[in-house]
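The next block holds one structure in the form of structure tokens; read it before the comments.
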Amino acid sequence: MMPAKPLSYYRDKYIRNQPSAFCVGCGNGTILNCFTRAVDDLEIPPEKILCVSGIGCSAWIPSPNFNGDTLHTTHGRALAFATGAKAFNSDLTTVVFTGDGDGAGIGGNHLIHAARRNIDITTILVNNLSYAMTGGQIAPTTHRGERTVTSPYGNPENPFDMTRLAAAAGATYVARWTTWHVLELTRSIKEALQHPGFAFIEVLSQCPIQQRRMFGMQDPIHRLPNRILEMFEESTYIRKRPEPMGYRYAVPKEFPDKAFEKINEALRRYEASTRIVDHMELGRVVKIEAEEDEDVWGALANLEAVERISGPLEGKIELGLFVKEERPEFTDTLRRIIRDSGGR
Ligand SMILES: Cc1ncc(C[n+]2csc(CCOP(=O)(O)OP(=O)(O)O)c2C)c(N)n1
């Protein structure tokens, strides 16, 4: 096994800007870290990489941080700029970093058309579930019912599932991970960079500043990054990997801490273990680990405080590789047309 390289190796070789402008606990640094490790493992010289980004906190992942060519463009238009750059110089490994507001909102149209064309660009969409830079407004990815500055009574809209949207639009590599899954994310970025076509990776990422309000978290700010990462672990599952059973969730009717006490009390005589977890689709829920015992589940289902009992996968977000296929690549086809028509 190769010895692990120290963090300073990646910092000195790949990072241009110190100290980072990101808030403490932001997921963007983790994503930059995974990206530099992927580039290093593949031994792609930084001068062969062009990173393009739009506007938003996530647009800052490459620019001004990454020590290669970076193009910081206008809000939502990174893919349009990247398309021009890739068509002109197809030797460059072209990577777009975009937020969910940038890539799913204002730039959503560019995204579906880049996927449809199958242009050889890797797009990393950082989904922090809101417009973070401008103060936490609803994005097209914000879950229904979540509180943001523009939806104080809960978001009345349904979100886009960006991974499924990119797949339906024709992206030939599609994966979804979170900032908790750093090894899987790094591996996926490596696959995407090597994939000859439009590669799309959605990364669920933490923004302690905005998500504190969204998820109704009471914890002090310094504990939030870890809590949100735990929530990412709890609220997701990896496709095609069997989930351990033996637990379910109680979805409470009222404020979860009170519900927790009542559920705990009711369960004490069954010796089942309970704990409150954050589960993104369902809000704060109570995880119950118990033997498959009908008495336990029956007692819970009859509790006043419980709205319903859900299984271990219900409402969770699916992660993993969704699409990997070959289709003619756009700039290859363009070059052939130019050659056949007598151009150079
Ligand atoms: C044309 C235009 N409209 C609006 C803005 C204001 N604006 C700057 S960043 C941003 C939201 C970015 O959200 P997202 O892409 O999710 O990135 P995040 O900050 O969450 O990483 C908006 C609306 C802008 N800069 N340009």
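The values are calculated or read from the model by the stated rules, or taken from the named source; none is laboratory data. The shown structure was predicted, so the numbers you read here are calculated from the model rather than taken from an experiment. Reconstructed Cβ throughout: ideal geometry from the backbone, glycine too, with neighbour counts over all protein chains shown. Keep in mind that these areas ignore ligands, DNA and RNA; they rest on the heavy atoms of the full protein, side chains included. Shrake-Rupley method; radii C 1.70, N 1.55, O 1.52, S 1.80 Å.
Pairing each residue of the stretch 128-153 that is open to solvent by less than 20 Å² (accessible area, probe 1.4 Å) with any residue that is charged (D, E, K, R), provided the two are 6+ apart or on different chains, yields C-beta distances under 6 Å for ALA139/ASP100; THR141/ASP100. Annotation: of all residues in the stretch 1-34 being farther than 19 Å from ILE55 by Cα and among the small types (Gly, Ala, Ser), the one that is most open to solvent (accessible area, probe 1.4 Å) is ALA4.
Which count do you get for residues in the stretch 40-69 that are buried (at least 18 other Cβ atoms within 10 Å of the Cβ) and assigned to a loop (DSSP other than H, G, I, E, B)? First the steps, then the outcome.
If we filter the stretch 40-69 for residues that are buried (at least 18 other Cβ atoms within 10 Å of the Cβ), which is where we start, we get 49-63, 65-68.
Pick out the ones that are also assigned to a loop (DSSP other than H, G, I, E, B) and you get 54-57, 61-63, 65, 67-68.
Selection size over the stretch 40-69: 10.
Only one entry in ALA87, ALA78 is touching a strand residue (DSSP E or B) at 6+ places or on another chain (Cβ under 6 Å) and within 22 Å of ARG116 (Cβ to Cβ), namely ALA78. If you take the residues in the stretch 193-223 that are away from the ligand (no atom under 16 Å from the Cβ) and either within 15 Å of VAL277 (Cα to Cα) or small (Gly, Ala, Ser) (or both), which one is surrounded by the fewest Cβ atoms within 10 Å (Cβ to Cβ)? Going through the qualifying residues, I end up with GLN218. Given the criteria open to solvent by 60 Å² or more (accessible area, probe 1.4 Å) and not in a strand (DSSP E or B), does ASP102 qualify? It is false that ASP102 is open to solvent by 60 Å² or more (accessible area, probe 1.4 Å) and not in a strand (DSSP E or B).
Among the residues of the stretch 128-140, those identified as over 10 Å from GLN210 (Cα atoms) and more than 8 Å from the ligand (Cβ to nearest atom) are ILE138, PRO140. Screening the candidates ARG37, ARG77, ARG116 for the property of being among the basic types (Lys, Arg), within 16 Å of the ligand (Cβ to nearest atom), under 29 Å from ASP161 (Cβ atoms) and surrounded by 13 or more Cβ atoms within 10 Å (Cβ to Cβ) yields one hit, ARG77.
Being open to solvent by less than 10 Å² (accessible area, probe 1.4 Å) and not basic (Lys, Arg) is the filter here; which residues of the stretch 80-97 pass it? Give the steps one after another, and end with the answer.
Here is the first cut: in the stretch 80-97, the residues open to solvent by less than 10 Å² (accessible area, probe 1.4 Å) are 82, 86, 94-97.
The answer is ALA82, THR94, VAL95, VAL96, PHE97.
Going by what's in this entry, would GLY170 be described as open to solvent by 20 Å² or more (accessible area, probe 1.4 Å), at positive phi and more than 16 Å from the chain's Cα centre (by Cα)? When the stated conditions are applied, GLY170 does not pass them. For the stretch 301-321, the candidate set comprises residues that are assigned to a strand (DSSP E or B) and over 21 Å from the mean Cα position of the chain (by Cα); within that set, the residue that is farthest from ALA290 (Cα to Cα) is GLU307. Checking each residue in the stretch 101-113 for being farther than 19 Å from ALA192 by Cα and near the ligand (Cβ under 9 Å from one of its atoms) picks out GLY101, ASP102, ALA104, GLY105, ILE106, GLY107.
Determine whether ALA301 is farther than 23 Å from MET162 by Cα and free of Cβ contacts under 8 Å to residues at least 12 places away in the same chain. Yes.
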